[in-house]
1. Note down all Cβ pairs under 7 Å where the first residue falls in segment 212-236 and is over 23 Å from Leu111 (Cβ atoms) and modelled with pLDDT of 95 or more, the second is near the ligand (Cβ under 8 Å from one of its atoms) and among the β-branched types (Val, Ile, Thr), and they're at least six residues apart or on different chains.
2. Looking only at segment 239-255, how many residues end up being over 24 Å from Trp178 (Cα atoms), within 13 Å of the ligand (Cβ to nearest atom) and touching a residue at least 12 places away in the same chain (Cβ under 8 Å)?
3. Looking at (1) closer than 20 Å to Gly18 by Cβ; (2) loosely packed, with under 15 Cβ neighbours inside 10 Å; (3) among the acidic types (Asp, Glu), which one does Asp184 not meet, given that it meets all the others?
4. Which helices (runs of 4 or more DSSP H) sit wholly inside segment 196-257 and have at least 2 residues that are more than 22 Å from Glu46 (Cα to Cα)?
5. Considering only segment 62-90, state which residues are in contact with an Asp or Glu (Cβ under 9 Å, 6 or more places away or on another chain) and among the charged types (D, E, K, R).
6. Return the only residue of Val219, Val223 being within 16 Å of the ligand (Cβ to nearest atom) and buried (at least 23 other Cβ atoms within 10 Å of the Cβ).
7. Answer yes or no: is there a residue in segment 192-205 that is buried (at least 19 other Cβ atoms within 10 Å of the Cβ), closer than 24 Å to Asn274 by Cβ and touching a Gly at 6+ places or on another chain (Cβ under 7 Å).
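The values are calculated or read from the model by the stated rules, or taken from the named source; none is laboratory data. Quantities reported herein were computed from a predicted structural model and do not represent experimental measurements. When we count neighbours, we look across all protein chains shown, and the Cβ atoms used for this are built from the backbone with ideal geometry, even at glycine.
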Amino acid sequence: MDTAFPTGPIPDVALNDGHTLPAIGLGTYTLNGSGGAAAMASAIREGYRLLDAAFNYENEGALGEAIRISGVPRSELVLASKLPGRHHRHAEALATIDESLWRAGLEYYDLYLIHWPNPRQGHYVEAWRALIEARKRGLVQSIGVSNFLPEHIDRLIAETGVVPAVNQIERHPRFQQWGQIAFDRSHSIVTQAWSPLGRGSLLDDPVLSEIATRHDRTVGQIVLRWQVQSGCLPLPKSTSPARQAENLAVFDFELSTNDMTAIAAVDRSDGRLNNQDPAIYEEF
Ligand code: A2P
């Protein structure tokens, strides 16, 4: 590695099903085709082991190519994908997982999530039963959800008795989601953060900039360290090898209680990036 940020070991986070995940991973939204595969392969070279793809990102093929060109054994990688809203019906969900695997050239995913609950359609329990079945068949190792609110998770548990291992939600300093994190934690569910850097929109925030200057770190590193210290597993995306490495180097310093309090004040109730409230937003 020839970057300025040696990464050191990435800690593991324990899941409620006996498996573990690296404490940070690569978000891959918009990393498609040959450029996307090159960016993912670069991330693997920089030390990422967890890569978070989705059927709807249309990049499971690029993920498979990245694995092949990285030369890192598949067994050392932790690969995740997600079920789209249009395929929540049981048979379609299982066929989609099969297609997800085929696109990446994989025999199993380490983690597979329901991408959105789409509550008005109301088929997410059926999708959950399909993920439980896929796990039984060895197609996926751990199963979870994304963008699920407490009421959706309560329903999954009440109807199937199976608690998701992960809930992946929008989370960044302008939208901190402490209530959802507390709910997830009380059910031993690991909260992952998508757009953990607010898609780059926070880089000139004065509170974050002041903390970054004091710690001699970048704002990106402060935000990712804040995610980790909040008990979240961030999935930052970057196409740049230097920023990929920078984003991994957050396990050798700590934010103080005062820093955490200052960042808490950046929270906004209307801070979602694209107004995607899972209670009403639908994605197919
Ligand atoms: P780039 O790919 O050029 O690095 P998020 O993970 O919240 O969705 O944010 C992703 C966006 O933030 C991308 O546009 C990415 O651009 C940028 N980004 C990622 N890491 C950093 C960083 N450490 N500093 C500045 N910008 C970053």
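1. Pairs that qualify, where the first residue is over 23 Å from Leu111 (Cβ atoms) and modelled with pLDDT of 95 or more and the partner is near the ligand (Cβ under 8 Å from one of its atoms) and among the β-branched types (Val, Ile, Thr), are Ala212/Thr218; Ala212/Val219.
2. Residues flagged as over 24 Å from Trp178 (Cα atoms), within 13 Å of the ligand (Cβ to nearest atom) and touching a residue at least 12 places away in the same chain (Cβ under 8 Å) within segment 239-255 amount to 8.
3. Result: Asp184 fails condition (2) only.
4. In segment 196-257, 206-215 are the helices (runs of 4 or more DSSP H) which contain 2 or more residues that are more than 22 Å from Glu46 (Cα to Cα).
5. Arg74, Lys82, Arg86, Arg89, listed by residue number.
6. Result: Val223 is the single residue among Val219, Val223 that is within 16 Å of the ligand (Cβ to nearest atom) and buried (at least 23 other Cβ atoms within 10 Å of the Cβ).
7. The answer is yes, given that some residue of segment 192-205 is buried (at least 19 other Cβ atoms within 10 Å of the Cβ), closer than 24 Å to Asn274 by Cβ and touching a Gly at 6+ places or on another chain (Cβ under 7 Å).
Residue by residue, here is whether (1) under 26 Å from Arg49 (Cα atoms); (2) among the hydrophobic types (A, V, I, L, M, F, W, C); (3) within 16 Å of the ligand (Cβ to nearest atom) holds:
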position	(1), (2), (3)
Lys136	yes, no, no
Ile153	no, yes, no
Ile169	yes, yes, yes
Gly179	no, no, no
Ser195	yes, no, yes
Ile211	no, yes, yes
